[in-house]
Amino acid sequence: MSGRNCLTIVLAAGEGTRMRSSLPKVLHPVGGQTLLSHVLAAAPGGAGTSLAVVVGPGHQAVADEARRVRPDVMTFVQDERLGTAHAVLAAKEAIIRGADDLLIAFGDTPLISADTFARMRAPLRAGASLAVLGFHAHDPAGYGRLIVTDGRLTAIREDADASPDERRMTLCNAGVMAFDGRTALRIIEKIGNTNSKGEYYLTDAVGIVGDMGLTAAVIETGEDEVRGINTKAQLAEAEQVMQARLRKAALDAGVTMVAPETVFLSADTSFGKDVTIEPYVIIGQGVTIADGAVIHAFSHLVQASIGRNASVGPYARLRPGTSVGEGARIGNFVETKAAVLEAGAKVNHLTYIGDAHVGANANIGAGTITCNYDGFNKHRTEIGEGAFVGSNSSLVAPLRIGAGAYIGSGSVVTKNVPDDALAVGRGQQTLREGWAKRFREMKLLARKQKTG
Ligand code: UD1
Ligand code: CA
């Protein structure tokens, strides 16, 4: 932007005690991705930008997640949780390197957009030393209030320190701030900890800017974009906003959903053209759905790729590592895991296919189970192209069924089956002519003798 380079610091230290969870707060998911990953994805990237994340002590998982999303990220540890200004100074080394714009964002505000980060930088170009992101909160409790006097932002008052009059104000601090890099460090280092919590509040920067005769600006945005997440209830609210966005984006991209409000998507779900998703479908992380595919009602998909014109469900469960080929069909009450189904394969009813490869156009009958686990290890099942597996067969892995082979219904198959062979592994059927008739007559006679 206008040749100004930019450093973004994302604050992600802290346990998030009010989440009542052993998982660090910023690793909770919204739209199938961590809170932190959404913020990092929206932060300025590319030439002239750099990125830092401040994590809590022992929170290696948070640093790892940051690097997964943005491999170029610098990470810093805030040893003690002494407040948001203290957290920014944990990344002092990065600030000292010098950036024209310094953006501060919170790792617990996942709905923020790239556009808003860009808007925040504009007042700096116009001469402001600080820009603060504000919004009108439906329920402002817990947020810092922006104190605007005569059209000028003069202070931010934290909820705990606010007077009853101030508490009634609804213009709140979203948490994102943009500092002019030339004065940022001087301002932040002046912040003290004389407030009811004894913390170093980044929000005190506003008053200091005024004292220094510099100006602070407010950029406003809608509440949905800046919901901060401190509790599980707020996490659920953010999920609703995220799902509404994802559904709208899917509809805009041409996905057909008759009841989009019942469909749950992930931020990384990708759709081809003419995809249909029926009601009550849950799509977790890592799902791609190609052109013309239909996901029928009540299906659950995670880390799965669905080929062109394939059909999944109703009531299908596709677990990680599933790949459904072009035109293939997965029917009701079918579970798959680490399973590749080539084009035109059919697995239509009541089946488990795990650690398996199913060749093109193979037909897997109702009730087939790949017995992939012996209590210690997982084993693979290979089913050749065009093979036909009769209903209610148990395929005991490791196992290879050749191309074009037939498996008789009800078989327990433990030995490899060559191409084009028939394997039948079940009890022999016996037949007694007239037995049923004789049996009935005998029973009827016995009944008559008893009652007569
Ligand atoms: C903060 C703001 C408040 C704003 C609200 C918006 C301050 C003092 N208050 O309040 O004005 O309305 O966000 O959601 O800035 N963090 C650290 N180290 C710390 C403290 C916090 O890394 O020592 C991180 C947290 O992990 C979190 C973020 O900073 O991601 C915000 O901290 P949090 O405690 O959630 O602040 P709020 O009380 O929500
Ligand atoms: Ca918060």
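What the table below lists for this structure:
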{"quantity": "Selection from the stretch 191-214 of residues that are away from ligand 1 (no atom under 15 Å from the Cβ) and without any contact (Cβ under 8 Å) to a residue 60 or more places away in the chain", "calculated": "Gly210, Asp211, Gly213"}
{"quantity": "Selection within the stretch 60-93 - closer than 18 Å to Gly16 by Cβ, open to solvent by less than 40 Å² (accessible area, probe 1.4 Å) and either of a type in the set (Ser, Thr, Tyr) or more than 16 Å from ligand 2 (Cβ to nearest atom) (or both)", "calculated": "Ala63, Glu65, Ala66, Ala90"}
{"quantity": "The stretch 272-289, residues that are within 23 Å of Lys337 (Cβ to Cβ), open to solvent by 10 Å² or more (accessible area, probe 1.4 Å), out of contact with any helix residue (DSSP H, G or I) (no Cβ under 7 Å at 6 or more places or on another chain) and assigned to a loop (DSSP other than H, G, I, E, B)", "calculated": "Glu278, Gly284, Gln285, Gly286"}
{"quantity": "Odd one out for Gly98, checked against (1) within 12 Å of ligand 1 (Cβ to nearest atom); (2) at positive phi", "calculated": "(1)"}
{"quantity": "One residue from Ile277, Ile219, Ile283 being outside the structural domain of Ile330 (by TED's automatic domain parsing) and at pLDDT 95 or above", "calculated": "Ile219"}
{"quantity": "Residue match in the stretch 248-260 (condition: among the basic types (Lys, Arg), open to solvent by 20 Å² or more (accessible area, probe 1.4 Å), in the same structural domain as Lys337 (by TED's automatic domain parsing) and over 19 Å from Val340 (Cβ atoms))", "calculated": "yes"}
{"quantity": "Count - residues of the stretch 291-320 that are open to solvent by less than 40 Å² (accessible area, probe 1.4 Å) and at positive phi", "calculated": "2"}
{"quantity": "Residue within the stretch 364-382 that is surrounded by 14 or more Cβ atoms within 10 Å (Cβ to Cβ) and acidic (Asp, Glu) present", "calculated": "yes"}
{"quantity": "Selection status of Ile112, part of a loop (DSSP other than H, G, I, E, B) and of a type in the set (Val, Ile, Thr)", "calculated": "yes"}
{"quantity": "Enumeration of residues in the stretch 194-216 that are open to solvent by 60 Å² or more (accessible area, probe 1.4 Å) and either within 23 Å of Gly14 (Cβ to Cβ) or not assigned by TED's automatic domain parsing to the domain that holds Gly127 (or both)", "calculated": "Thr194, Ser196, Lys197, Tyr200"}
{"quantity": "Of residues in the stretch 104-139 being among the small types (Gly, Ala, Ser), away from ligand 2 (no atom under 16 Å from the Cβ) and buried (at least 20 other Cβ atoms within 10 Å of the Cβ), the one farthest from Val26 (Cα to Cα)", "calculated": "Ala128"}
{"quantity": "Residue check, Arg186 assigned to a helix (DSSP H, G or I), in the same structural domain as His38 (by TED's automatic domain parsing), more than 14 Å from ligand 1 (Cβ to nearest atom) and out of contact with any helix residue (DSSP H, G or I) (no Cβ under 6 Å at 6 or more places or on another chain)", "calculated": "yes"}
{"quantity": "Flag if Ile229 is among the β-branched types (Val, Ile, Thr), part of a loop (DSSP other than H, G, I, E, B) and within 16 Å of ligand 2 (Cβ to nearest atom)", "calculated": "yes"}
{"quantity": "Cβ-Cβ under 9 Å pairs, at least 6 apart or on other chains, the stretch 256-277 side without any contact (Cβ under 8 Å) to a residue 12 or more places away in the chain, far side open to solvent by 40 Å² or more (accessible area, probe 1.4 Å) and hydrophobic (A, V, I, L, M, F, W, C)", "calculated": "none"}
{"quantity": "All positions within the stretch 344-362 that are surrounded by fewer than 18 Cβ atoms within 10 Å (Cβ to Cβ) and touching a Phe, Trp or Tyr at 6+ places or on another chain (Cβ under 8 Å)", "calculated": "His349"}
{"quantity": "Residue that is modelled with the lowest pLDDT [pool: residues in the stretch 226-246 that are touching a Phe, Trp or Tyr at 6+ places or on another chain (Cβ under 7 Å) and within 10 Å of ligand 1 (Cβ to nearest atom)]", "calculated": "Gly228"}
{"quantity": "Residue tally, condition in a loop (DSSP other than H, G, I, E, B) and free of Cβ contacts under 8 Å to residues at least 40 places away in the same chain, over the stretch 406-452", "calculated": "22"}
{"quantity": "In the stretch 425-452, residue farthest from Thr370 (Cα to Cα) [restricted to those that are open to solvent by less than 80 Å² (accessible area, probe 1.4 Å) and of a type in the set (A, V, I, L, M)]", "calculated": "Ala446"}
{"quantity": "The lone exception for Ala128 - which of (1) assigned to a loop (DSSP other than H, G, I, E, B); (2) within 26 Å of Ile229 (Cα to Cα) it fails", "calculated": "(2)"}
{"quantity": "Qualifying position, being among the hydrophobic types (A, V, I, L, M, F, W, C), open to solvent by less than 20 Å² (accessible area, probe 1.4 Å) and farther than 30 Å from Arg4 by Cβ, among Ala162, Ala178, Ala184", "calculated": "Ala162"}
{"quantity": "Enumeration of residues in the stretch 30-59 that are among the hydrophobic types (A, V, I, L, M, F, W, C), open to solvent by less than 20 Å² (accessible area, probe 1.4 Å) and under 20 Å from Thr116 (Cα atoms)", "calculated": "Val30, Leu35, Leu36, Val39, Leu40, Ala42, Ala43, Leu51, Ala52, Val53"}
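The values are calculated or read from the model by the stated rules, or taken from the named source; none is laboratory data. Keep in mind the model is a prediction, meaning the values are calculated, not measured. Reconstructed Cβ throughout: ideal geometry from the backbone, glycine too, with neighbour counts over all protein chains shown. Note: areas computed on protein heavy atoms with side chains; ligands, DNA, RNA excluded. Shrake-Rupley method; radii C 1.70, N 1.55, O 1.52, S 1.80 Å.
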